[in-house]
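Got a structure for you, questions after.
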Amino acid sequence: MENTTQALTGSTRTTIERDPVKTVILASMIGTAIEFFDFYAYGTAAATYFPKIFFPEVTPTIAMILSLLTFGVAFVARPLGSLIFGHFGDKLGRKRSLVVSLLLMGVSTVLIGFLPGYATLGMASIVLLCLCRFIQGIGLGGEWSGAVLVATENAPKNKRALFGAFPELGAPIGFFLCNGLYYILETALTPAQMAAFGWRVPFLASAVLVVVGLWVRRRMQETPLFRMAQEKQTVTKAPLVQVFRKNWRQVLQGTLTMSVSYTFFFLLSTWSLSYATTALGFSNKEWLLLLMGSIIVFGGMILYSSIMADKYGRRKVLMIGTGLIVAFAVAFPFFLNGQHNLFGSLFFLVAGFLAMGVVYGPVAALLPELFPTSTRYSGAGIAYNASAILGAAFAPTIASWLVGQWGIHAVGVYLALMALVSFLALATTKETKEMDYTK
């Protein structure tokens, strides 16, 4: 691929250098890998260790629900992060915002690894846990949209969805690394040792990934399209005002389109871990191993669906994906039952992550394409992170409550309804494959 981007401004041809493809891949992928590593670390700890460490004085069921509620705190903070980092990302540049968001995200994650439990600080430990989680959410709020723009604003027109798949692949990579680390820890340590200190290791280990990410991102250039906007003096002074004044419809469409991806993902990962280890008779290690195997399918489908989105259009692929999720939602409750049902569990995870990959890959192209260059960081970030609240913040908690009230089929109904909402949003969204991304 050529390392230049050319655009006509009047009668003058402007040539601006691109980063090499390998730099684009690393810079966009590393942040989302850390993002999902951190989220899996917290999600796994919240589903298995935090109920006893931070909520030991209530019943196990209530402790699990309260622990999963703290999981939702970061999602509530993410839209605030998208407003902050979106403003500066559209005004000062993608690179600066990405470096700061990564640093904020990494520091707060490492601090969780040092927190004392309820036995030491009482309620103060819960307050500090929620505070760290909130700050982590602010940093995460600026991460995805910036990483996606690094990829897609460096991409050729006919490969924007493929380049957008690079940061999306950070999800299965972070998932695999985190679950692999938990698997090794739970193999080497006793349950008592895991509860005492083992759960802290993934949070502390994320510091290594953060250092690598900062090194990669400090070496990259600003994206060529933002530099072109600076040269043309079309950078917006108040991007948030512009987004809500001119692009509120696109924000709503993007939010509703993306919401099912979040719901589905955290049902497959966080909720399934708590359900499998309490209702299906699996150990943590067994389920983590199944998750690690099925996540390979997820990564493969992200790439494949993104290539298909470049060929046939984002809207068509995403509508097919949401239809697959509806079918899966109807079917999976008949498989995910019984004690140690390996076949049913593999169907749930493999088929689920296959459908998840279809809807997760192309959104990295679709959401930024809904907005002009001047407000793209803000618009894509707000839509993405608002969908996190709608789709994921309380998905594990809602699913646990639904199982307790009406059984596992109610979880299938919940997932199907979320998919139908996304399908309707896509039906009102125009195809963006051929849009002029330089404007």
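The values are calculated or read from the model by the stated rules, or taken from the named source; none is laboratory data. Quick caveat, the model's predicted, so the values are computed rather than measured. Neighbour counts run over all protein chains shown; Cβ positions are idealised from the backbone, glycine included.
Name every residue in segment 219-246 that is under 23 Å from the mean Cα position of the chain (by Cα) and either among the polar types (S, T, N, Q) or modelled with pLDDT of 75 or more (or both), in order of residue number.
Those that are under 23 Å from the mean Cα position of the chain (by Cα) and either among the polar types (S, T, N, Q) or modelled with pLDDT of 75 or more (or both): Thr223, Leu240, Val243.
Is it fair to say Ser108 is of a type in the set (Gly, Ala, Ser), surrounded by fewer than 19 Cβ atoms within 10 Å (Cβ to Cβ) and either part of a helix (DSSP H, G or I) or out of contact with any Phe, Trp or Tyr (no Cβ under 7 Å at 6 or more places or on another chain) (or both)?
no
Which ones in segment 153-182 are part of a helix (DSSP H, G or I), over 19 Å from Gly299 (Cβ atoms) and modelled with pLDDT under 90?
Taking segment 153-182 first, the residues part of a helix (DSSP H, G or I) are 157-168, 170-182.
With the extra rule that they be over 19 Å from Gly299 (Cβ atoms), the set shrinks to 157-158, 160.
Answer for segment 153-182, where residues must be part of a helix (DSSP H, G or I), over 19 Å from Gly299 (Cβ atoms) and modelled with pLDDT under 90: Lys157, Asn158.
Pick from Leu268, Leu288, Leu256: which is farther than 17 Å from Thr48 by Cβ, touching a Ser or Thr at 6+ places or on another chain (Cβ under 9 Å) and of a type outside the set (Val, Ile, Thr)?
Leu256
Further question on the same structure: So, in segment 361-398, exactly how many residues are crowded, with 24+ Cβ neighbours inside 10 Å, of a type in the set (Ser, Thr, Tyr) and over 30 Å from Tyr275 (Cβ atoms)?
3
I'd like to know if segment 311-319 contains one or more residues that are among the aromatic types (Phe, Trp, Tyr), part of a helix (DSSP H, G or I) and either touching a Cys at 6+ places or on another chain (Cβ under 8 Å) or without any contact (Cβ under 8 Å) to a residue 40 or more places away in the chain (or both).
Initially, segment 311-319 is screened for residues among the aromatic types (Phe, Trp, Tyr), giving 312.
Cutting the leftovers down to part of a helix (DSSP H, G or I) gives us 312.
From the residues that got through so far, the ones that are either touching a Cys at 6+ places or on another chain (Cβ under 8 Å) or without any contact (Cβ under 8 Å) to a residue 40 or more places away in the chain (or both) too are 312.
Within segment 311-319 (the criterion being among the aromatic types (Phe, Trp, Tyr), part of a helix (DSSP H, G or I) and either touching a Cys at 6+ places or on another chain (Cβ under 8 Å) or without any contact (Cβ under 8 Å) to a residue 40 or more places away in the chain (or both)), the answer is yes, since at least one residue qualifies.
Consider segment 380-413. How many of its residues are assigned to a helix (DSSP H, G or I), in contact (Cβ under 8 Å) with a residue 24 or more places away in the chain and not β-branched (Val, Ile, Thr)? Walk me through it before giving the result.
Narrowing segment 380-413 to residues assigned to a helix (DSSP H, G or I): 380-391, 395-406, 409-413.
Still in the list and also in contact (Cβ under 8 Å) with a residue 24 or more places away in the chain: 380-391, 395-397, 399-401, 403-404, 409, 411-413.
Of the ones still in play, those that are also not β-branched (Val, Ile, Thr) are 380-381, 383-388, 390-391, 395-396, 399-401, 404, 409, 412.
Adding up the residues that qualify gives 18.
Six or more apart or on different chains, Cβ under 6 Å: which pairs go from a residue in segment 32-54 that's closer than 9 Å to Thr270 by Cα and polar (S, T, N, Q) to one that's part of a helix (DSSP H, G or I) and at pLDDT 85 or above? Could you list them?
Pairs found: Thr44/Tyr182.
Still on this structure, I have one more. Just give me the residues in segment 44-62 being assigned to a helix (DSSP H, G or I) and under 17 Å from Gly117 (Cα atoms), in sequence order.
Selection gives Thr44, Ala45, Ala46, Ala47, Thr48, Phe50, Pro51, Lys52, Ile53, Phe54, Pro60.
Looking for whichever is without any contact (Cβ under 8 Å) to a residue 24 or more places away in the chain, hydroxyl-bearing (Ser, Thr, Tyr) and buried (at least 24 other Cβ atoms within 10 Å of the Cβ) here; the options are Ser97, Ser67. Which one fits?
Numbers: Ser97 fails: without any contact (Cβ under 8 Å) to a residue 24 or more places away in the chain.
On inspection, the qualifying residue turns out to be Ser67.
Another one. Which of the residues spanning segment 108-161 are aromatic (Phe, Trp, Tyr) and touching a Pro at 6+ places or on another chain (Cβ under 6 Å)?
The initial filter retains those residues of segment 108-161 that are aromatic (Phe, Trp, Tyr), namely 114, 118, 134, 144.
Within segment 108-161, Tyr118 is the sole residue that qualifies.
Answer yes or no: is there a residue in segment 32-39 that is in a helix (DSSP H, G or I), out of contact with any His (no Cβ under 8 Å at 6 or more places or on another chain), crowded, with 23+ Cβ neighbours inside 10 Å and polar (S, T, N, Q).
Looking for residues that are in a helix (DSSP H, G or I), out of contact with any His (no Cβ under 8 Å at 6 or more places or on another chain), crowded, with 23+ Cβ neighbours inside 10 Å and polar (S, T, N, Q), one finds at least one in segment 32-39, hence yes.
Please enumerate the residues belonging to segment 71-94 that are under 25 Å from Leu115 (Cβ atoms) and surrounded by fewer than 18 Cβ atoms within 10 Å (Cβ to Cβ).
Hits for segment 71-94 are Val76, Leu80.
With the checklist (1) surrounded by 15 or more Cβ atoms within 10 Å (Cβ to Cβ); (2) in contact (Cβ under 8 Å) with a residue 60 or more places away in the chain in hand, flag the one item Gly198 doesn't pass.
It is condition (2) that Gly198 fails.
Just checking, how many residues over segment 412-436 are in contact with a Pro (Cβ under 7 Å, 6 or more places away or on another chain) and either hydroxyl-bearing (Ser, Thr, Tyr) or at pLDDT below 95 (or both)? Lay out the reasoning, then the answer.
So the first thing to find is which residues in segment 412-436 are in contact with a Pro (Cβ under 7 Å, 6 or more places away or on another chain), and the list is 412.
Still in the list and also either hydroxyl-bearing (Ser, Thr, Tyr) or at pLDDT below 95 (or both): none.
Within segment 412-436, residues that are in contact with a Pro (Cβ under 7 Å, 6 or more places away or on another chain) and either hydroxyl-bearing (Ser, Thr, Tyr) or at pLDDT below 95 (or both) number 0.
Which residue is surrounded by the most Cβ atoms within 10 Å (Cβ to Cβ), if the candidates are limited to segment 111-128 and must be part of a helix (DSSP H, G or I) and touching a Phe, Trp or Tyr at 6+ places or on another chain (Cβ under 6 Å)?
Only one residue tops the list, namely Ile112.
So, of the residues in segment 145-195 that are under 23 Å from Pro51 (Cβ atoms) and among the aromatic types (Phe, Trp, Tyr), which turns out to be surrounded by the fewest Cβ atoms within 10 Å (Cβ to Cβ)?
It comes out as Tyr183.
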